[in-house]
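The values are calculated or read from the model by the stated rules, or taken from the named source; none is laboratory data. Quick caveat, the model's predicted, so the values are computed rather than measured. Heads up, the Cβs are rebuilt from the backbone with ideal geometry, glycines too, and the neighbour counts pull from every protein chain shown.
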Amino acid sequence: MTADTKTLAEWAVHERRYLHQYPELSGQEYQTAAHIRSRLQEWQLELLTCPAPSVVGLLRGTDGKKTIALRADIDALPVNEEGDKPYLSKHPGIAHVCGHDGHTAILLAAAKWLAEHRAEVAPNVLFLFQSSEEILPSGAQALVRHGVLEQVDAVFGLHLWKPLEKGKIGISNGAMMASSDDVRIVITGRGRHGSMPHETIDPIYVAGQVIAAVQGIVSRRINPVEPAVISICRLEAGTTYNIIPNQAVLYGTLRAQSEQTRQLLARELKQTVEALCAAWGANGEVVVDWGTPPVVNDERMSRYAAEVAVRQFGRESVAYVQPVMGGEDFSYYLQEKPGAFLFVGMGGENSKYPHHHPRFDLDEEAIPVGIELFVQLVKHFS
Ligand code: NI
């Protein structure tokens with residue numbers, strides 16, 4: 001690391017701790033956005049119009065034939081932070097426990113460095129400080145619909161990642177993260193007294209069968225080499241000990257790593273639920289609330305990112321990772337333009353708790369890695 005990047009890393013850590021103290025929920029990041037805008041203006045970057053509270057900055061390159069976009073998500077979570085660090089959240093019930101404060105600080109630091117060395121920057125660089133990654137409506141989708149990526153040739157994003165060992169850059173040449181869709185299953189029968197089950201169509205009994213049967217979709221209908229998840233996470237039915245209710249409602253999540261499997265899961269789920277309910281005289285309805293698509297890296301761009309990472313950090317630092325079943329709205333950018341989403345490892349003593357845990361903290365030593373990665377992706381881009 002040069003003296004230059006060491007100073008920049010210190011600046012970024014300071015910035016991150018400030019952002020950490022003033023977290024804002026998805027879609028409400030107006031103070032954070034104002035802070036980002038003032039920084040970008042300070043470095044004479046252009047601010048483009050985009051759906052608030054996201055902020056999009058532009059640095060015009062010396063050659064400007066190509067445009068590369070870098071993205072950071074800026075939202076926090078509805079979690080009461082615990083612990084004793086001096087920079088704990090000052091907003092009760094809201095905390096940066098996914099590391100998006102780190103992502104924002106990394107992208108700000110990269111923008112600062114690139115702005116200060118603009119004579120060395122050939123491509124145009126678009127800085128996407130994106131609102132609302134954690135919940136729908138997705139901030140990424142809003143930016144894409146606004147046409148922010150129209151002139152963009154490639155888009156890159158990163159996540160500081162606790163499950164990956166510190167010092168590693170996690171890359172995949174294809175699927176990196178999963179689609180995430182909510183599903184509600186409404187089973188309507190006919191309720192009566194619990195002592196007369198034969199006079200009822202018991203939706204709880206049918207729900208039990210549905211819960212067991214839908215697991216067969218993953219094991220019997222999906223190709224075993226294709227990752228897929230159906231998890232029923234909430235069951236609502238009945239009021240007391242001895243009344244069979246009219247209705248049972250199940251809530252769950254569907255995950256897949258390709259659009260094809262994603263569609264297949266929803267189709268099979270509908271068919272299984274409807275047929276099983278009909279067999280017992282109940283009515284089964286499946287409502288899919290479509291969420292974010294799978295995050296699938298472009299092969300050429302992930303290879304490019306790997307080359308840059310090898311050159312900068314050494315061959316041993318690049319880890320080809322197994323995709324994870326978590327969701328990420330970076331997928332909307334990748335549906336639109338080639339690019340790659342990367343993990344920056346920070347697993348170890350300094351980051352002990354999982355993402356979204358009230359005591360989650362990021363390892364600030366991973367921050368300079370993220371900055372360097374973004375800067376190098378721009379410098380070598382052609
Ligand atoms: Ni996150």
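How many of the residues in the stretch 321-374 are acidic (Asp, Glu), within 23 Å of residue 88 (Cα to Cα) and not in a helix (DSSP H, G or I)? Result for the stretch 321-374: 3. The residue of the stretch 95-116 that is nearest to the ligand (Cβ to nearest atom), among those that are of a type in the set (A, V, I, L, M, F, W, C) and closer than 20 Å to residue 353 by Cα, is 98. Looking only at residues of the stretch 185-226 that are charged (D, E, K, R) and not in a helix (DSSP H, G or I), we find that the one that is surrounded by the most Cβ atoms within 10 Å (Cβ to Cβ) is 202. Note on the stretch 124-140: among residues that are away from the ligand (no atom under 16 Å from the Cβ) and surrounded by fewer than 24 Cβ atoms within 10 Å (Cβ to Cβ), the one that is farthest from residue 107 (Cα to Cα) is 137. All conditions but one from (1) crowded, with 17+ Cβ neighbours inside 10 Å; (2) more than 16 Å from the ligand (Cβ to nearest atom); (3) within 30 Å of residue 249 (Cα to Cα); (4) under 17 Å from the mean Cα position of the chain (by Cα) apply to residue 290; the one that does not is (1).
Within the stretch 95-126, the residues that satisfy the criterion of being assigned to a loop (DSSP other than H, G, I, E, B) and in contact with a strand residue (DSSP E or B) (Cβ under 8 Å, 6 or more places away or on another chain) are 96, 97, 98, 99, 121, 123.
Condition check ((1) in contact with a strand residue (DSSP E or B) (Cβ under 6 Å, 6 or more places away or on another chain); (2) at pLDDT 95 or above; (3) closer than 21 Å to residue 141 by Cα) across all residues:
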position	(1), (2), (3)
5	no, no, no
8	no, yes, no
36	yes, yes, yes
50	yes, yes, yes
58	yes, yes, yes
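The condition (being at pLDDT 95 or above, within 13 Å of the ligand (Cβ to nearest atom) and more than 12 Å from the chain's Cα centre (by Cα)) is satisfied by just one residue among 166, 162: 162.
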